[in-house]
1. Against the conditions (1) surrounded by 11 or more Cβ atoms within 10 Å (Cβ to Cβ); (2) part of a loop (DSSP other than H, G, I, E, B); (3) within 15 Å of the chain's Cα centre (by Cα), where does Arg22 fall short? Just the number, please.
2. With respect to the numbered conditions (1) outside any loop (DSSP other than H, G, I, E, B); (2) surrounded by fewer than 17 Cβ atoms within 10 Å (Cβ to Cβ); (3) in contact with an Asp or Glu (Cβ under 6 Å, 6 or more places away or on another chain), which one is the sole condition not fulfilled by Trp105?
3. Exactly one condition in (1) in contact (Cβ under 8 Å) with a residue 24 or more places away in the chain; (2) open to solvent by 60 Å² or more (accessible area, probe 1.4 Å) is not met by Lys89; state its number.
4. Of all residues in the range 30-67, which are open to solvent by 30 Å² or more (accessible area, probe 1.4 Å) and either closer than 20 Å to Arg127 by Cα or in a loop (DSSP other than H, G, I, E, B) (or both)?
5. Please identify the pairs in which a residue from the range 42-70 that is among the charged types (D, E, K, R) has its Cβ atom under 8 Å from the Cβ atom of a residue that is surrounded by 11 or more Cβ atoms within 10 Å (Cβ to Cβ) and not in a helix (DSSP H, G or I), counting only partners at least 6 apart or on another chain.
Amino acid sequence: RGSLHPCRNVCQALGDGQPRLRVRGIRRGVDKPLCATDLYMPVLHQSIVEALPNHKGSVILLMQRLFGVELKEIEQVIEATALSKAQAKVLEARVGSPALVTRRWHRDPKGHTLIASISIYPADRYRYSVLLRQNTTPSNG
């Protein structure tokens, strides 16, 4: 469900101070919630809220389809935390148990943030995997 929200902390991080639409949601797994997410997007795109109840999948892809915006980059920060009482209740987990917070900024080619998101995952419901390969081509330097 969407609501207009001044989102001072998020907007300060975005650097524009503009009011944003906040959409809160719970992503569910087979038997319990996987994460709780707050999405922040420009009020200009508030009509997206009407499409969300029937939408399955990426919100940024929906935004691209509805508004013709172009995505250039996504920045992600992952941090450890402990679940608050309210978070634990929504996520059906223990208060104070370990969790991961992901913060993402989806930006257009001009560097404007299309969507900022904050998601919290109980530690046993999130895995991050990266494969790094060494370049075996000799360098000329």
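1. The single condition Arg22 does not satisfy is (2).
2. (2)
3. (1)
4. Scanning the range 30-67 gives Val30, Asp31, Lys32, Leu34, Gln46, Ser47, His55, Lys56, Gly57, Ser58.
5. Glu70/Asp108
The values are calculated or read from the model by the stated rules, or taken from the named source; none is laboratory data. Keep in mind that this is a model prediction, so the values were computed, not measured. For neighbour counting, all protein chains shown are included, and Cβ atoms are generated from backbone atoms with ideal geometry for every residue, glycine included. What goes into the accessible areas is simple: the full protein's heavy atoms, side chains included, and nothing from ligands, DNA or RNA. Shrake-Rupley method; radii C 1.70, N 1.55, O 1.52, S 1.80 Å.
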